[in-house]
Amino acid sequence: MLIRSMFKQNRSWILGYSIGTSVYLFFLAAIFPSIQETGLIEAKLESLPKELLDVFQIDATMAMDNILNLLSSNYYGLIFYVLAVLFALTFASKLLAKPVDSGEIMLYMAAPISRVTYIISSFVILLVAVGLFVGLNGLSLMMADLLFDLQIDYSVLWMLQLNGALMLLVLGVAAYMTASLFDDSNKSYMVTGGIFTFFLIVNIINGVSEQFKWMSNISFFSLFDAPAIMREEFWGVHFIWLFGLLFILSACSFIRFTRKDLTI
Amino acid sequence: MIHIQQLTKRFDATHGIFDVSLDVSPGMIFGFIGPNGAGKSTTIRHLMGLLKPNEGNASINGFDCWQETEKVKQCVGYLPGEINYPQNMTGEEIIHLTRHLHKTDAERERNLRERFSFDEATKVRKMSKGMKQKLAIITCFMKDVPVYILDEPTSGLDPLMQERLIDWLIEEKQSGKAILMSSHHFPEMERTCDRAALIKDGRIIIEEDIEELRQHSVKRYRIEFSSEPEAIRFAEDSAVRDGLQVEVVITKPEDLNRLIRTLANYEIRSLASGADELEHLFMQYYGEAT
């Protein structure tokens, strides 16, 4: 009942992200054959400076003969990072920061529900939200494939979705953990947003020059590498890191929230 | 039922609650009085497992409020001081959710919805303070539990609803429920509470049975005489006169008997007692403590 109620209160933004991004992907996939015929994408990529392509992690050598190749340098690049940050901030704000700040969480805290149950329920909502996000994204591309014969490699498509899902989960739990440090939702929003923006900038800078390559080691976002998945390079280390971070951040959230004084 | 033993929570050197102890037994309404920021809500938050004490402990039905908060909340109905339900939910949805999150009683729910009726289809964000308060009263008492914790329960209610709530509280007390109630509204405290404590700057400065407090309290009487000469004559004995009206302060029951005997020699139009005896007493303590 707790999970159902929490989902009901949060379904608008969850469906907003899932349906919005899926519709974008579907339409991009729908117009892909006509764009491909014109050869505009290759021409555009060739005209861009190498540094810019590196910043946005676009592999210019990749032939744009497949919708996934296009998406790996379009949607599954900076667009997905920004969406993931907004998604994580929304999740932490709606499920923890704002309910604590406004006192709405008392509806649940007055019931025979432990804080552990509340966190588990929040994470189930995150799991459902992420599942809908990447699931609908994947399904919309599969539907476009059926309708427009795009020759999508489903194993690569779902590997991208799985990597994206893990990234969304890690960012969501990280934002939740940071939100549990504060009673003031604005402060929590600013600090989490600041941290994510820092990682995002680090990720962009690491593409600027070889001397900044080391920076990729300190950013969450380097763990979602769509071009590497497209090239079918070894991605296992990224997944292990993401699972590790997910475990550590979840444990920190549990420890912090179950010991926190709630002045509501 | 409710047991608080030397509870201390320090937010800093001067803010918090210090060495707070009190007990609320079944069939008792315990009044918790104090100015804003005195520590009433902090004490109540400990009972609801929201704050971890630095020292001392709080327990309900033998369960520690911090360690066994789930068990505590199974036997407690809570009415918060600030009603903050999710803005997009309707009253009916909140009641429906409460029915599922708590173990509630259908007959009590029907009874409460009759007594504190309001438009349940209204969304919380469109509700007036009184409507929210009625919704909170219904969701609190829908649970048939042995303990209720009420933070400013009559806040925002119109006089008719205040009266209904007081009647409801007296019925609950008679059925053996233990009720801890914080309030600034002294008349309702006088009518409902069996015992009361005054908290100021985080410390309890007085705790006694309401009857004892009444006996110790200063009583004021306003007497209206039929003529000014009579009022002047009466006021000569250290009473305060305002035209035909004279105010008398009584500190001991024997003084009241003497007053009645004296008044038999005068023509008086009316005799009224000050309603808020406790208020005067507590104001006296507020003053002493500052």
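Only a single item in (1) in a strand (DSSP E or B); (2) within 14 Å of chain A (Cβ to nearest Cβ); (3) surrounded by 17 or more Cβ atoms within 10 Å (Cβ to Cβ); (4) of a type in the set (Val, Ile, Thr) is not met by B:Ile4, and it is number (2).
Considered as a group, the residues in the stretch B:98-151 that are among the aliphatic types (A, V, I, L, M) and out of contact with any helix residue (DSSP H, G or I) (no Cβ under 8 Å at 6 or more places or on another chain) include one that is nearest to B:Lys173 (Cα to Cα), and that residue is B:Val147. So, of the residues in the stretch B:239-276 that are under 22 Å from B:Glu212 (Cα atoms) and without any contact (Cβ under 8 Å) to a residue 24 or more places away in the chain, which turns out to be farthest from the chain's Cα centre (by Cα)? The qualifying residue farthest from the chain's Cα centre (by Cα) is B:Arg258.
Kindly evaluate A:Ile120 against the criterion of being within 14 Å of chain B (Cβ to nearest Cβ) and buried (at least 20 other Cβ atoms within 10 Å of the Cβ). Talk me through it step by step, then tell me what you get.
Details: within 14 Å of chain B (Cβ to nearest Cβ): yes; buried (at least 20 other Cβ atoms within 10 Å of the Cβ): no.
It is false that A:Ile120 is within 14 Å of chain B (Cβ to nearest Cβ) and buried (at least 20 other Cβ atoms within 10 Å of the Cβ).
Report whether or not B:Phe186 is touching a residue at least 60 places away in the same chain (Cβ under 8 Å) and within 30 Å of B:Asp242 (Cβ to Cβ). Judged against the criteria, B:Phe186 is a match.
Restricting the search to the stretch A:5-34, which residues are within 14 Å of chain B (Cβ to nearest Cβ) and over 13 Å from A:Leu83 (Cβ atoms)? The answer is A:Ser5, A:Met6, A:Phe7, A:Lys8, A:Gln9, A:Asn10, A:Arg11, A:Ser12. Checking each residue in the stretch A:163-203 for being free of Cβ contacts under 8 Å to residues at least 40 places away in the same chain and either assigned to a loop (DSSP other than H, G, I, E, B) or under 18 Å from A:Ser222 (Cβ atoms) (or both) picks out A:Ala165, A:Ile195, A:Phe198, A:Phe199, A:Ile201, A:Val202. Taking the stretch A:244-264 as the range and being surrounded by 13 or more Cβ atoms within 10 Å (Cβ to Cβ), more than 14 Å from chain B (Cβ to nearest Cβ) and either assigned to a loop (DSSP other than H, G, I, E, B) or of a type in the set (Phe, Trp, Tyr) (or both) as the test, only A:Phe254 passes.
Within the stretch B:233-266, the set of residues being of a type in the set (Val, Ile, Thr) and loosely packed, with under 13 Cβ neighbours inside 10 Å comprises B:Val240, B:Thr251, B:Ile260, B:Thr262.
So which of B:Asp64, B:Asp23 ends up being surrounded by fewer than 20 Cβ atoms within 10 Å (Cβ to Cβ), at negative phi and more than 14 Å from chain A (Cβ to nearest Cβ)? Give the steps one after another, and end with the answer.
Values: B:Asp64 fails: more than 14 Å from chain A (Cβ to nearest Cβ).
Only one candidate qualifies: B:Asp23.
Set side by side, the residues A:Leu146, A:Leu157 differ, and just one is free of Cβ contacts under 8 Å to residues at least 12 places away in the same chain, more than 21 Å from A:Phe91 (Cβ to Cβ) and not small (Gly, Ala, Ser), which is A:Leu146. Just one of (1) within 23 Å of B:Arg164 (Cα to Cα); (2) within 11 Å of chain A (Cβ to nearest Cβ); (3) modelled with pLDDT of 95 or more fails for B:His46. It is (1).
Determine whether B:Cys140 is touching a residue at least 24 places away in the same chain (Cβ under 8 Å), over 19 Å from B:Lys73 (Cα atoms) and touching a strand residue (DSSP E or B) at 6+ places or on another chain (Cβ under 7 Å). Give the steps one after another, and end with the answer.
On the way: touching a residue at least 24 places away in the same chain (Cβ under 8 Å): yes; over 19 Å from B:Lys73 (Cα atoms): no; touching a strand residue (DSSP E or B) at 6+ places or on another chain (Cβ under 7 Å): yes.
No: the conditions fail for B:Cys140.
You will find that of A:Phe239, A:Phe199, A:Phe212, the residue that is surrounded by 16 or more Cβ atoms within 10 Å (Cβ to Cβ) and aromatic (Phe, Trp, Tyr) is A:Phe199 and no other. Looking only at residues in the stretch B:193-225 that are under 20 Å from B:Gln6 (Cα atoms) and touching a Leu at 6+ places or on another chain (Cβ under 6 Å), the one that is surrounded by the fewest Cβ atoms within 10 Å (Cβ to Cβ) is B:Ile205. On the stretch given as the stretch B:100-117, residues that are more than 14 Å from chain A (Cβ to nearest Cβ) and surrounded by fewer than 19 Cβ atoms within 10 Å (Cβ to Cβ) total 10. If you filter the stretch A:97-117 down to residues that are of a type in the set (A, V, I, L, M) and either part of a loop (DSSP other than H, G, I, E, B) or within 7 Å of chain B (Cβ to nearest Cβ) (or both), you find that the one that is nearest to B:Ile149 (Cα to Cα) is A:Ala110. Candidates B:Val145, B:Val124: the one that is farther than 22 Å from B:Ile166 by Cα, touching a Lys or Arg at 6+ places or on another chain (Cβ under 9 Å), within 11 Å of chain A (Cβ to nearest Cβ) and touching a residue at least 24 places away in the same chain (Cβ under 8 Å) is B:Val124. Residues that are within 10 Å of another protein chain (Cβ to nearest Cβ), more than 26 Å from the chain's Cα centre (by Cα) and in contact (Cβ under 8 Å) with a residue 24 or more places away in the chain within the stretch B:67-99 comprise B:Pro86, B:Gln87, B:Asn88, B:Met89, B:Arg99, listed in sequence order. Considering only the stretch A:132-143, I want to know if a residue exists there that is touching a residue at least 24 places away in the same chain (Cβ under 8 Å), more than 16 Å from A:Leu15 (Cα to Cα), in contact with a helix residue (DSSP H, G or I) (Cβ under 9 Å, 6 or more places away or on another chain) and of a type outside the set (Lys, Arg). Checked the stretch A:132-143: at least one residue is touching a residue at least 24 places away in the same chain (Cβ under 8 Å), more than 16 Å from A:Leu15 (Cα to Cα), in contact with a helix residue (DSSP H, G or I) (Cβ under 9 Å, 6 or more places away or on another chain) and of a type outside the set (Lys, Arg).
Say we look at the stretch A:210-264 and pick out the residues that are touching a residue at least 60 places away in the same chain (Cβ under 8 Å) and among the β-branched types (Val, Ile, Thr); which of these is farthest from A:Ala179 (Cα to Cα)? Looking at residues that are touching a residue at least 60 places away in the same chain (Cβ under 8 Å) and among the β-branched types (Val, Ile, Thr), I get A:Ile229.
The values are calculated or read from the model by the stated rules, or taken from the named source; none is laboratory data. Predicted model only: the values in this text are computed from it and were never measured. Don't worry about glycine lacking a Cβ; one is built from the backbone with ideal geometry, like all the others, and counts go over all protein chains shown.
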